[in-house]
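The values are calculated or read from the model by the stated rules, or taken from the named source; none is laboratory data. Model, not experiment: these values are computed from the prediction. Cβ: placed from backbone, ideal geometry, glycine included. Neighbour counts: every protein chain shown.
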Amino acid sequence: MDSTGQLSPIFFWNGNDDPTFLIMNILPSLSKISSVPIEELKEMIASVALTHINEKYRSFEFTIGFEDNEIFQLIHDKFDFFHRLATGDRIVLWLSLLAVIKKAATRDLKFILYHPFSRLDLKERTYIAKYLNDNFDEGQVIIIDSQREFGSIGRYNAYIKR
């Protein structure tokens, strides 16, 4: 509970679901829970998205665009590359964008992530565990996952302290 006696909103995401719709609609959704101007939200989203995408696809040049209806696009060679990303890449991108949601929200949010690692390889699981640890406050993220998925991170379990 926050100091005003109101409960923090809870944000739930099932890692078994494809995050495509959520990513594509991040700007319209975020503008509803934020007091941040649209252009600044676009910059925040683009910065986080490009950081992850450029790490994975180093030989490609990307830009982030938003269609007239504010739908997210990952542009490469004048075409939307977003639907060509592997599901695991979209999940990593979505989990990275949660930090933008946290930062732009007008109230503290709690995030419950159900099986966020289920479609990710070890490298992506480790990246996300560290990312969540570095970008969220203690107790703000609740991860519900199997021992197998947590255990595969092995020595990186120190990143998961929530």
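Just the residues that are small (Gly, Ala, Ser) and modelled with pLDDT under 65, please, taken from the range 106-162.
Across the range 106-162, the qualifying residues are Gly151, Ser152, Gly154, Ala158.
Could you pull out the residue among Leu50, Leu27 that is touching an Asp or Glu at 6+ places or on another chain (Cβ under 8 Å) and in contact (Cβ under 8 Å) with a residue 12 or more places away in the chain? Spell out the reasoning first.
Details: Leu50 fails: touching an Asp or Glu at 6+ places or on another chain (Cβ under 8 Å).
That would be Leu27, the only listed residue that is touching an Asp or Glu at 6+ places or on another chain (Cβ under 8 Å) and in contact (Cβ under 8 Å) with a residue 12 or more places away in the chain.
Is at least one residue of the range 84-106 among the acidic types (Asp, Glu) and either closer than 22 Å to Ile142 by Cβ or in contact with an Asp or Glu (Cβ under 9 Å, 6 or more places away or on another chain) (or both)? Quick ask: steps written out before the conclusion?
Step one: list which residues in the range 84-106 are among the acidic types (Asp, Glu), which gives 89.
Right, trim to either closer than 22 Å to Ile142 by Cβ or in contact with an Asp or Glu (Cβ under 9 Å, 6 or more places away or on another chain) (or both) and you get 89.
There is at least one residue in the range 84-106 that is among the acidic types (Asp, Glu) and either closer than 22 Å to Ile142 by Cβ or in contact with an Asp or Glu (Cβ under 9 Å, 6 or more places away or on another chain) (or both).
Can you pull out every residue in the range 106-143 that is in a helix (DSSP H, G or I) and charged (D, E, K, R)?
Hits for the range 106-143 are Lys123, Glu124, Arg125, Lys130, Asp134.
Return the residues of the range 106-130 that are of a type outside the set (D, E, K, R), surrounded by fewer than 20 Cβ atoms within 10 Å (Cβ to Cβ) and under 25 Å from Leu85 (Cα atoms); say none if nothing qualifies.
Listed by number, the residues that qualify are Ile112, Tyr114, His115, Ser118, Leu122, Thr126.
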